[in-house]
Structures are given as C-alpha cells and as structure tokens.
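K.L.:
Sharing a structure below in structure tokens format, with a few things to ask.
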Amino acid sequence: MTGTDTARPRLLPALPGLAFLSAVALLTGCGSPPAYREWTASPDVPTVAYDECTEQVDNTMRLRGYPQRPLPETPQFGYRKEIFAQCMRRKGYTTE
C-alpha cells in the first residue's frame, strides 16, 4: 500500500447519523406556521413609514446631486415630492 488509504475520510459509518440529523432538522423547520403572521402593525407605523421615506428621498437626492431640501420654486422640489409620494404609495398609503 502507498498510504493513500489512510488519507481518505471514513464517511460510511457516519452516514446513518448524518441522515438522521438532516431529517430531524428538516422536519423541525417545516413544523411551525410562518412567523410573519405573528406580526401586527403598531400605532406608530405611519410615523415610521414617513421617516423611512424621508430617508430614502434624502439619499436619492444626494446621489443625484440635488439639494436635499430644495426651494419650492425649483424643479427639484417637485421631483422630491414625487419620489416621496411613490415611496408612501409603495408602503400602502394614499394621499389625504
């Protein structure tokens, strides 16, 4: 023998144990209902959505080289307002 037989790992004795552990892990993950149904909206959700959209709009304006708080008479003001409206609509809100 050249000694290569000892270099190979011996997986055959460990296969039944590994198969059992894999099956247990799989069944454990499939046994519970989805976690997202346990969540409910809190009363401050509109405030959180408003803050998240404000932050997203600030980042977009900065990346495009526009001022973050443009004056109302500039075209960037309308652009900022539209981006904010799109963000709020994506979160499920409508204009009042």
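K.L.:
Could you put E73, E55 in order, starting from the residue whose Cβ has the fewest other Cβ atoms within 10 Å?
P.N.:
Ascending number of Cβ neighbours within 10 Å: E73, E55.
K.L.:
Would you mind counting up the charge near Y50? Only other residues with Cβ under 11 Å from its Cβ, with Lys and Arg at +1 and Asp and Glu at -1.
P.N.:
Details: positive: K91; negative: D44, D51, E52, E55.
Once all neighbours under 11 Å are counted, the net charge is -3.
K.L.:
If you don't mind, there's one more thing I want to ask. For P70, what charge total do you get from the other residues with a beta carbon under 11 Å from its beta carbon, if Lys and Arg give +1 and Asp and Glu give -1?
P.N.:
+2
FYI, it's all coordinate maths here, none of it is from the lab. Model, not experiment: these values are computed from the prediction. Note: ideal-geometry Cβ built from the backbone for every residue, glycine included; neighbour counts use all protein chains shown.
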